[in-house]
Every structure is written in C-alpha cells, then in structure tokens.
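Every read-out reported here was derived from the displayed coordinates using simple, explicitly stated rules and does not represent laboratory data. All values derive from a computational prediction rather than experimental measurement. Every residue, glycine among them, receives a Cβ derived from its backbone with ideal geometry; neighbour counts consider all protein chains shown.
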Amino acid sequence: MRIISGKYRRRKLLTRTGLTTRPITDRAKEPLFERLWSCVEEARVADVFAGTGTLGLEALSRGAHSVVFVEQDRKAGELLQKNVDTIGASADCLCWRADVMRCSFRPQGVQDFVPFDLIFFDPPYRMIETLQPASPLFKALERLARPTVSAPEATLVLRTPAASVFTVPTAWQPDRTLTIAGMDIHLYRVEHAAGEGDQPEVGAQSEVGDRPAAPQNPPVVSPTHTVDGGDEDGHD
C-alpha cells in the first residue's frame, strides 16, 4: 500500500488486513480523490475507523491542513502511528485511540484541527447493516454532524459494500455515489439545522451508483500527537 499523489507520493504504508481493517486500494483511491480534489486543500480531516491511515494520509499528502485519526484497534493504531512518523507528518496528525461508538469527536489539545471539513467514515463492512436509526453507528454520525465537530458544508465519505441498505441521519445530505470494484463510496454534505440540539434525527435511505444521489425518503418509523481515550466531552 502506498500514497499515490502529493508531497508524500510513492511513500509506502504499513497495513493490516482482517476483520478490523480494510485498506482501500489504489484503484479506488484515485477516482475518489479526483472527486474530492476541491475539498482537500487546507481541509481539517477526520479519518474515522482509520485503520493504518491510508485515506487520511493520502488527504494530507494532497494538501490537507491536518488529520485526526480515530482507531480503537491497538495493532492497527501502532501501525498507523508508525506510518505517520515514517513520512514525517507528526505535527499535522493526531492518532487517537478511541471508541467511535462513544467519543464526541472533539479531542483535547488540538483546537486547530477542528471543526472538520472532510470526514472519512469507514467502518468494517459487517457493521453497515447495523447503520439504522438509534443504533450506535447512527448516533456516531449524528455527533459528527454537530456544528462544533463538522464545519459548514463539510463532506462525509462513507464506504460500503455495493447495493447495501442502510440509513444515515438527515443532517448528512446525499451528494454522489461512486461504485468501484464491488464497493460504493457515498459522498454527503452536512446541513446544520438552525438551533440544532442533541435530539436524534430521522434517517434517510442511501442510493447507489456513480451519479448524483437521489433524494432520500425517511423511514416509516439518525510534534506526534497520540491520545488514548478521552475527549473534550469526557467520552472514552
């Protein structure tokens, strides 16, 4: 695995495949970042379920301002930290070992790294079917949509198996879906509601294809920085 473009081009990255990590291939990264080129420059990036950092480091190489990596798996986190250190990107990255299902996505000590302009949200495929209203994964996306976490017009990138059925909070409005090599990469834009509170939102069904996403219908019934654990809101 390697970085394919930008100032760290051709730098090799350590990877770990298995149930907890699923590195994206170069074949998929190239069209994705071609689509994201206008979002990356000087962006504050979050790489959630980061694995060994393939997406976040690609964004940093292409001009992103900073990256917060969120990864709970210890082995993957160790390889991620090695990748950040090896390419010399420690000052621009936070490697945060945290539980995505509980954290607020507001780490301490890196105020200039938030709110996020670009968010990669890449859970293991087996978790996608659980992405439904009131589920822990759905609630994580709700927290990511808060104005203190995501900047106005922030972009969310969600990778799923092709033709998956799932629901996201309506704060994330569908933009486009890329279908590449048996996977769908969904792009969303945040829409902050006036006077937005912490109440869960109703969800919206996803669509599939390399095209503008169709309107979604609500369901019938939302220096090296290394942190292990807490955040500004006291979550683990």
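All but one of (1) out of contact with any strand residue (DSSP E or B) (no Cβ under 6 Å at 6 or more places or on another chain); (2) farther than 13 Å from Thr54 by Cα; (3) among the polar types (S, T, N, Q); (4) crowded, with 19+ Cβ neighbours inside 10 Å hold for Asn83, so report the exception by its number.
Unmet condition: (2).
Residue by residue through segment 86-103, note down the ones that are of a type in the set (D, E, K, R) and under 15 Å from Ala46 (Cα atoms).
Asp92, Arg97, Asp99
Output the residue which, of all residues in segment 93-103 that are surrounded by 18 or more Cβ atoms within 10 Å (Cβ to Cβ) and not in a strand (DSSP E or B), is nearest to the chain's Cα centre (by Cα).
My answer is Val100.
Identify the residue in segment 107-156 that is on the phi > 0 side of the Ramachandran plot and part of a loop (DSSP other than H, G, I, E, B) and, among all such residues, is surrounded by the fewest Cβ atoms within 10 Å (Cβ to Cβ).
This residue is Gly109.
Name the residue, out of Arg44, Arg62, Arg35, that is out of contact with any Phe, Trp or Tyr (no Cβ under 7 Å at 6 or more places or on another chain) and of a type outside the set (A, V, I, L, M, F, W, C).
After applying the criteria, what remains is Arg35.
Scan segment 37-52 residue by residue and report those that are assigned to a loop (DSSP other than H, G, I, E, B) and closer than 18 Å to Ala76 by Cβ.
Phe49, Ala50, Gly51, Thr52
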